[in-house]
Amino acid sequence: MSILVDETKKVIVQGITGREGMARTQLMQRYGTRVVAGCTPAKGGQDVLGVPVYDTVMEAVEKMGAIDVSTIFVPAPLVKNAALEAIAAGIKLLVIVPDRVPIYDVLEIAAAAKETGARFVGPNTLGLLSPGKAVFGMIGGSAASAKDWFLPGRVGVTSRSGGITSSIAYYLSRAGIGLSTIIHVGGDAIVGTDHPAIMELFEQDAETDCVVMFGEIGSSQEERVADLIENGKFTKPLVAYIGGKGAQSGTRFSHAGAIIEGNRGTHEGKVKRLREAGATVVDNFGDIPDAVKSVIRPMETAKIPIVK
């Protein structure tokens, strides 16, 4: 099992005729994702990599039947209209890859998604991947590397950094630790599906036994994960690493959402809260695989594959 992403989901690529859209469509297809349609206004009737292109998302739904997921590869100023179009067409999961999407646009997307029961990942996300099943977005860079790097298994990964998402998954796999779902929640100040929301999904997944989280300075995502643990809403072992230890107030750490404002969102505060709640927080990134092994080995009923 996995969360949000699997090989049964039907996917549309908005912006499929652009350079990024074409390249990422090829990645998804080669990995096994069911890309059934593309959408670019005024480009309907074309064919990209064997995928039919439509002028609108609604037209694609009318021709192809219900579509589960939209992956959005359009310029940031066009993201809002693309996302709202997908939501209006009944699509329940959007993967918004572009960065620099205006905050007010994201708020409008969030309001529309809430009203219709849809969910979006991003903006500024590489997407999500379930090893051996499917990828939505662009994690892995190529299908060959994604298949080679990431082992299937029972450990979930959620991260606020795209590069770190892949790095954690790679090093866990090299240590023989299989993965259920890998998710980059996005690096912007406002994202559609944040760490706490992902934790609630992993809690419900019977085949995820442990989660690794990469957090950063800025926002309150990691503190709210600690709240979930303390309130009994996330009960599985959590291994976390928090980036930005040396950042001072007002410093932005790589991403738009990773900025300390006053005493809010500090590295020290996040580490303290997570440890108080019972999470295993490592001080060094390279310690993550050993920390995962240390928390999953005592679980007598766990079936997480660990290659010796």
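The values are calculated or read from the model by the stated rules, or taken from the named source; none is laboratory data. Small disclaimer: the values here were computed from a predicted structure and weren't measured. FYI the Cβ positions are ideal-geometry reconstructions off the backbone, even for glycines, and counts take in every protein chain you see.
Key figures for this structure:
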read-out	value
Selection within the stretch 151-199 - under 19 Å from Ser2 (Cα atoms) and more than 14 Å from the chain's Cα centre (by Cα)	Leu151, Pro152, Gly153, Arg154, Val155, Tyr170, Leu172, Ser173, Gly176, Ile177, Gly178
Count of the stretch 76-131 residues which are under 20 Å from Ser159 (Cα atoms), at pLDDT 95 or above and not in a helix (DSSP H, G or I)	20
Residue satisfying condition, being part of a loop (DSSP other than H, G, I, E, B), aliphatic (A, V, I, L, M) and either modelled with pLDDT of 95 or more or within 21 Å of the chain's Cα centre (by Cα) (or both), within set Ala256, Ala291, Ala247	Ala256
Residue within the stretch 54-74 that is on the phi > 0 side of the Ramachandran plot, assigned to a strand (DSSP E or B) and either in contact with a Phe, Trp or Tyr (Cβ under 7 Å, 6 or more places away or on another chain) or of a type in the set (Phe, Trp, Tyr) (or both) present	no
Residue identified as surrounded by 15 or more Cβ atoms within 10 Å (Cβ to Cβ) and closer than 19 Å to Thr181 by Cβ among Val61, Val57, Val101, Val69	Val69
The one condition in (1) at pLDDT below 90; (2) among the polar types (S, T, N, Q); (3) within 17 Å of Glu222 (Cβ to Cβ) that Thr280 fails to fulfil	(1)
Cβ pairs under 7 Å, 6+ apart, first in the stretch 166-184 and surrounded by fewer than 23 Cβ atoms within 10 Å (Cβ to Cβ), second assigned to a helix (DSSP H, G or I) and at pLDDT 95 or above	Tyr171/Ile288; Tyr171/Pro289; Ala175/Pro289
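Quick grid of which residues meet (1) farther than 24 Å from Lys133 by Cβ; (2) in contact with a Lys or Arg (Cβ under 7 Å, 6 or more places away or on another chain):
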{"site": "Thr17", "(1), (2)": "yes, yes"}
{"site": "Met22", "(1), (2)": "no, no"}
{"site": "Gln26", "(1), (2)": "no, no"}
{"site": "Thr40", "(1), (2)": "yes, no"}
{"site": "Gly44", "(1), (2)": "yes, no"}
{"site": "Ala60", "(1), (2)": "no, no"}
{"site": "Lys63", "(1), (2)": "yes, no"}
{"site": "Val74", "(1), (2)": "yes, no"}
